[in-house]
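Q: The following block contains the structure, expressed as structure tokens.
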Amino acid sequence: MINRIKQLENVALNLEPNSDERAQALNKTLQYADTFLEELPTLPAYVMSNENGRSLYQSPITEGGIDMDTILTLLKSNVDKPGINPASGNHLGYIPGGGIFHSALGDYLADITNRYAGIFFASPGAVRMENMMLRWMADMVGYPETMGGNLTSGGSVSNLIGIVAARDAHNIQPEEIRKSVVYVTEHMHHSVGKALRIAGLKACVKRAVRVDQNYRMDPDALAQTIARDKKLGLNPWLIVASAGTTNTGSVDPMTPIGDIANANQLWLHVDGAYGAFFALCDEGKKILTGMDKSDSVIMDPHKTLFLPYGLGAVLVKDRQKLYESHYYQADYMQDSLEAVEEPSPADFSPELTKHFRGLRMWLPLKLLGVAPFRAALEEKMLLARYFYHKIQEIEGFEVGPYPDLSVVTYRYIPKRGNADDFNKRLVEEIHKDGRIFISSTLLDGEFVLRLAVAGFRTHLDTIDMALDILVQKVRYLEQNV
Ligand SMILES: *Cc1c(COP(=O)(O)O)cnc(C)c1O
């Protein structure tokens, strides 16, 4: 047996490279990353391909490993080429993500040290770091010290956690679901609907409250709908407002909505996955007033704090409510949360063991300070306004509402033919070209184009290039269709 153990140990030791092996693998990885960053400005924002990474399958997982160079070649051609390039500043579709360099350093260290960020006892420092990040965001929102929260994998999971906390705080029992009412707008992010379904609340009554001409929830319509539902004997319990919709970037008026929630004792959940971080800059803060009136809010550092994918946040004003729906062991903190020094993330989330997410956020904030983030956010808002004005100077383009944050909707009205068809073709042409990536949506039944400015690498030259490309493609299509 000893021989077998020794034999096995010998093979298992491959899991622990020595200093030289580490240096070699690390150098190659760093070189790959550096080349990627150096080439990035010239790389397309979108690559259509038939291959689509298929040759990954031609290199199956085998008993023995292969060399790092081959691995990086596989990665380059199969993964880092086809599809959208989210690291590109020319990505202007959906809601672009981030990927700042310094977060990668945090991730590297988090992966090497592998601190256990789920439970205070296991890694008091890692847990304090997560809680510190949550408090920093809570200050931005205007929540009191008694708030609770969690660093999640992203906005969808954050929405689920917030909605589950709301469900339990309102004690929605199975037999009441069918008469319990949720108030949203038609612009609510689909992950809210998904969260309601996963939370067992699919059968709730959902009211799409009327929006105004800026696609913001109309508070009067909300109040009237709640009053009517109460008369009908229904159980209004949840309002979901958007601090920046994905569709148009509109910010629902949270002050009056919060007052209505308060007066009627409804839970107000604010989806700020895209928009809440704009509160860091003065321009955004004005537009986002009233976030503090909510009971829960979500925000995505992997969107507008420009961090790499895999970091969302949920905050709940009353920590106890979040705890009651997510704790897993009542014994050791049943009397009061104050009995332990710091809340443990595992008690505020479905997760137990998790990636030490705090470090990828804390490290860049410490290293760079808040100023560059604040500046980048104001820059994004101003770039959207710049595009909004410039696109109107091009003959044939019409725009949607003035942007609340950094999304602009617009479309081209062709000299002849159907506008929807023309704009569909326009997006296709732009995707084929690949230099920039934009997306489209339907507004009031019409096909419209969107420009979302949220990438930290998106600057004035990007917007000028986008305007040029739009002009070129419109000219081409006007002449060729
Ligand atoms: C992106 C987004 C979500 C979903 O967040 P993920 O991080 O993609 O899961 C939810 N709400 C809004 C408004 C969003 O923009």
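Q: With θ taken as phi - 60° and the coefficients 6.51, -1.76 and 1.60, list the Karplus ³J(HN,Hα) couplings across the stretch 278-283 in order, rounded to whole Hz; mark glycine and proline as x.
A: 5, 4, 5, 9, 4, 4
Q: Under the rule of at least 5 residues apart or a separate chain, name every residue whose amide H is placed under 5 Å from the amide H of D318.
A: So D318 has HN proximity to G148.
Q: Here's a follow-up. What size of dipole, in debye to the nearest 20, comes out for the stretch 107-368 about its Cα centre when the only charges are +1 on Lys and Arg C-beta atoms and -1 on Asp and Glu C-beta atoms? Can you show the working numbers first?
A: Details: 27 positive and 30 negative charges, 154 e Å.
Dipole about the Cα centre, nearest 20: 740 debye.
Q: List, in order, the whole-Hz ³J(HN,Hα) value for each residue of the stretch 434-446 obtained from phi through the Karplus relation with A = 6.51, B = -1.76, C = 1.60 and θ = phi - 60°; use x for Gly and Pro.
A: Each residue of the stretch 434-446 in turn: x, 5, 10, 10, 10, 10, 10, 8, 10, 10, 6, x, 9 Hz.
Q: If each of A371 and E446 carries a label point 7 Å out from its Cα toward its Cβ, how far apart are those two points in nm?
A: 4.4
Q: By average Cβ neighbour count within 10 Å, what is the ranking of 86-95, 159-168, 244-253, 352-361 from highest down?
A: 244-253, 159-168, 86-95, 352-361
Q: Arranged by the count of other C-beta atoms within 10 angstrom, fewest first, what order do E429, E446, E38 take?
A: Fewest to most other Cβ atoms nearby, the residues stand as E38, E446, E429.
Q: Please figure out what share of the DSSP beta bridges in the stretch 107-368 is antiparallel and state it in percent, rounded to the nearest 5. Mind showing how you got there, number by number?
A: Values: 11 of 28 bridges.
In the stretch 107-368, approximately 40 percent of DSSP beta bridges are antiparallel ones.
Q: Pick out, from F397, L377, V408, the residue whose Cα sits farthest towards the positive end of the charge dipole of the stretch 371-480, with +1 on the Cβ of Lys and Arg and -1 on the Cβ of Asp and Glu.
A: L377
Q: Taking Cα pairs under 8 Å and at least six residues apart, what relative contact order does the stretch 76-216 come out at, in percent?
A: On the way: 88 pairs, mean separation 20.7, N = 141.
Across the stretch 76-216, relative contact order equals 15 percent.
Q: Sorted by packing (mean other beta-carbon atoms within 10 Å per residue), highest first, where do 145-152, 203-210 land?
A: 145-152, 203-210
Q: Right, here's the next one. Beyond a 31 Å Cα-Cα separation, which of these cross-linked pairs lie in this structure: K194/K230; K286/K321; K206/K432?
A: Those over the limit are K206/K432.
Q: Okay, moving on. Work out which helices of the chain, taken as complete DSSP H runs, extend at least 20 Å along their axis over the Cα atoms and score a mean Kyte-Doolittle of -0.5 or more, then list them. Each step should come with its number before you reach the end.
A: Numbers: long enough: 19-39 (29 Å, -0.97); 124-141 (25 Å, 0.16); 155-169 (21 Å, 0.85); 371-392 (32 Å, -0.19); 419-433 (21 Å, -1.29); 460-480 (30 Å, 0.07).
Helix filter hits for the chain: 124-141, 155-169, 371-392, 460-480.
Q: Relative contact order (percent) for the stretch 342-408, with alpha-carbon contacts under 8 angstrom and 6 or more residues of separation?
A: Taking the mean separation of contacting Cα pairs over the length of the stretch 342-408, I get 22 percent.
Q: Quick one: length gained pulling H190 to E478 fully straight, 0.36 nm per residue minus the C-alpha distance?
A: Additional length available on full extension: 100.2 nm.
No lab work stands behind these numbers, since they all come straight from the coordinates. In this text the structure is predicted, and so the values were computed from the model without any measurement. Counting neighbours? That spans all protein chains shown, and the Cβs are built from the backbone with ideal geometry, glycine included.
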